[in-house]
1. What residue, of A:79, A:47, A:24, is closer than 27 Å to residue A:6 by Cα, in contact (Cβ under 8 Å) with a residue 12 or more places away in the chain and under 24 Å from the mean Cα position of the chain (by Cα)?
2. Any residue in segment A:103-116 that is over 18 Å from residue A:147 (Cβ atoms) and either in contact with a helix residue (DSSP H, G or I) (Cβ under 7 Å, 6 or more places away or on another chain) or within 12 Å of chain C (Cβ to nearest Cβ) (or both)?
3. Go through A:182, A:229, A:192 for me and flag whichever is surrounded by 22 or more Cβ atoms within 10 Å (Cβ to Cβ), over 21 Å from the mean Cα position of the chain (by Cα), touching a residue at least 40 places away in the same chain (Cβ under 8 Å) and closer than 20 Å to residue A:135 by Cα.
4. Select from segment C:99-118 the residues that are within 18 Å of residue A:25 (Cβ to Cβ), more than 10 Å from chain A (Cβ to nearest Cβ) and either in contact with a strand residue (DSSP E or B) (Cβ under 9 Å, 6 or more places away or on another chain) or in contact (Cβ under 8 Å) with a residue 24 or more places away in the chain (or both) and list them in ascending order.
5. With A:188, A:214 as the choices, which residue is farther than 25 Å from residue A:338 by Cβ and modelled with pLDDT of 90 or more?
6. Go through segment C:80-94 residue by residue and tally those that are within 7 Å of another protein chain (Cβ to nearest Cβ) and touching a helix residue (DSSP H, G or I) at 6+ places or on another chain (Cβ under 9 Å).
7. Criterion first (more than 8 Å from every other protein chain (Cβ to nearest Cβ), in a helix (DSSP H, G or I) and touching a residue at least 24 places away in the same chain (Cβ under 8 Å)) does residue B:40 satisfy it?
8. Under 7 Å between Cβ atoms, at least 6 apart or on separate chains: pull out the pairs that start in segment A:158-173 with a residue that is touching a residue at least 24 places away in the same chain (Cβ under 8 Å) and facing chain B (nearest Cβ under 7 Å) and end on any residue that is buried (at least 24 other Cβ atoms within 10 Å of the Cβ) and outside any helix (DSSP H, G or I).
């Protein structure tokens, strides 16, 4: 047998990922063996510590560009910045769960390692440069999310949501791998750069082009499903409503960030030459997503479902950045939007958690009536998040939307930017409705329960971040600009 | 022997299997049946991958390795799915998908 | 190429006719004297009572699920075994890490009591 040349492996390039995975595995064992029932909060603190350590480990990697594992995993500033955003999402989600789980009687230590595993899947999606790695990333993220969705066992809605999510998710996975198989058949590789080179170098011929396009279409369907682009968004409201609120919060930003980060790489490394085929399709999907998400939200009287529909709408705005990621502004807008959306949306969900009583749901619009008189600070925080999600200055949401819309405008999709502006105007209606309820109506029902520490930290961090990024966006702009260079070049 | 069975024939088989799985997953009311349909879809992909590998030069080992990954991931998904079916069954005492409808779509 | 299929075809015909011929012969040659006892489902043994859809102990499912996971994950050892001669120490380390991860799963299961038949 010939000696096998093993590609050099540089574990340094996947250091944050490595820390998250090993920490999560270790934490799972530590939790079952050493942490007694009733003190599971400790597991949560340890999980947060792990995510922080992973973020710190990433610091020296700033500016490093390279790939390892034979080109299957890539590290560049784009991936690293997204990694930090994902770690932040994980930390905020765990913080808001610390008190939620015992209050709902569903405290299990496994929750925290599972969130960490989901974060590792997202990081893998940001770093993947090979279709196999992207598949593994998406499945790591999805399978942990199926379990987390059903975590409120024995609450029936939670189980039902998990089951729906699993069936549809497995379905999307089937499409994804079938698409990958066809792409592999057309080009003989699953490496994104090699697929791109193959498609660029030679005339593909009818057969291969058909295979490649068919494969790409199926992969795009799978990504649209994961990122909840219309018309593959049907599962979102049910799943969000049924799943534990922190999980819904995590899912709303996590799956979008992870799946669309991978989509950016796929489109611009593997399929840039097929641009003429996928751009119109994706542009149509994006327009439809923005319209469907925002129109759907208007009809909702349940704020959790409204946020679910609004997350569909926001997926559309994120897609604006994704589609023009060939230009410098595209990936910038993408990262910036994900960060801002994560802060505002996680904050809004944290307010929902604060209003949620034991076992009963208090997400109807009427439950927000007169919140200002009952809990003034909570109402102000919620108002900040709503303004940000609606894209009203001076919040960060305005900056993010402005960034995404101008990126699309300059990137040659002015009509899409117009659709974005129009749908934003529609969106303002249902976000402001919540604010009006909170400030302009008399309170009905008892005062909201006491805020506990984890939630307070969460809401304060999210609100402060939303305001500060809105007022002084320059440092973040500088960060995303430097992150986007590698991808554009 | 290499091309005893032409590649298009194998691809057609895989596509047919995928469609059967798809149909099964869409049309079955029984949750176990849905999971079986999904499993069939994933295995159709494996046939595809291995066929492409066989048809290309052997250096494209990717086809084989990816098939192994798919098998493993499919098992993980099936395990989670079945665990969930058991959990659902113990409450609803049914595995019929359309009888589980607490959430309004 | 067709010859290859011919061999398969011959095998197929032989395989089908081998059990079929005795059955057909027996059908024509045997005496027919049915009695109620003979036509019952089990000539010796008890008639089944109740529904087949009985609920098994939940441990049964836990065992089955654990088996599915571990049984399938071992598939990753197969490429290592095939390439054992050439991947050397690197392969050994990689396989050890992989087995350690499986072991972590097993430890978790053991501690959670999923391996006990109560």
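1. Going through A:79, A:47, A:24 in turn, just one is closer than 27 Å to residue A:6 by Cα, in contact (Cβ under 8 Å) with a residue 12 or more places away in the chain and under 24 Å from the mean Cα position of the chain (by Cα): A:79.
2. Scanning segment A:103-116, I find no residue that is over 18 Å from residue A:147 (Cβ atoms) and either in contact with a helix residue (DSSP H, G or I) (Cβ under 7 Å, 6 or more places away or on another chain) or within 12 Å of chain C (Cβ to nearest Cβ) (or both), so the answer is no.
3. Numbers: A:182 fails: touching a residue at least 40 places away in the same chain (Cβ under 8 Å); A:229 fails: over 21 Å from the mean Cα position of the chain (by Cα).
None of the other options fit; the residue is A:192.
4. The answer is C:102, C:106, C:114.
5. It is A:214.
6. Our first condition is that a residue be within 7 Å of another protein chain (Cβ to nearest Cβ); within segment C:80-94, this holds for C:83, C:85-87, C:90.
Those left that are additionally touching a helix residue (DSSP H, G or I) at 6+ places or on another chain (Cβ under 9 Å): C:83, C:87.
Summing the residues that are within 7 Å of another protein chain (Cβ to nearest Cβ) and touching a helix residue (DSSP H, G or I) at 6+ places or on another chain (Cβ under 9 Å) in segment C:80-94 gives 2.
7. no
8. Here the result reads A:161/A:243, each pair linking segment A:158-173 to a residue that is buried (at least 24 other Cβ atoms within 10 Å of the Cβ) and outside any helix (DSSP H, G or I).
The values are calculated or read from the model by the stated rules, or taken from the named source; none is laboratory data. Just so you know, these numbers come straight off a predicted model, no measurement behind them. Here Cβ is always computed from backbone atoms with ideal geometry, including for glycine, and neighbour counts include all displayed protein chains.
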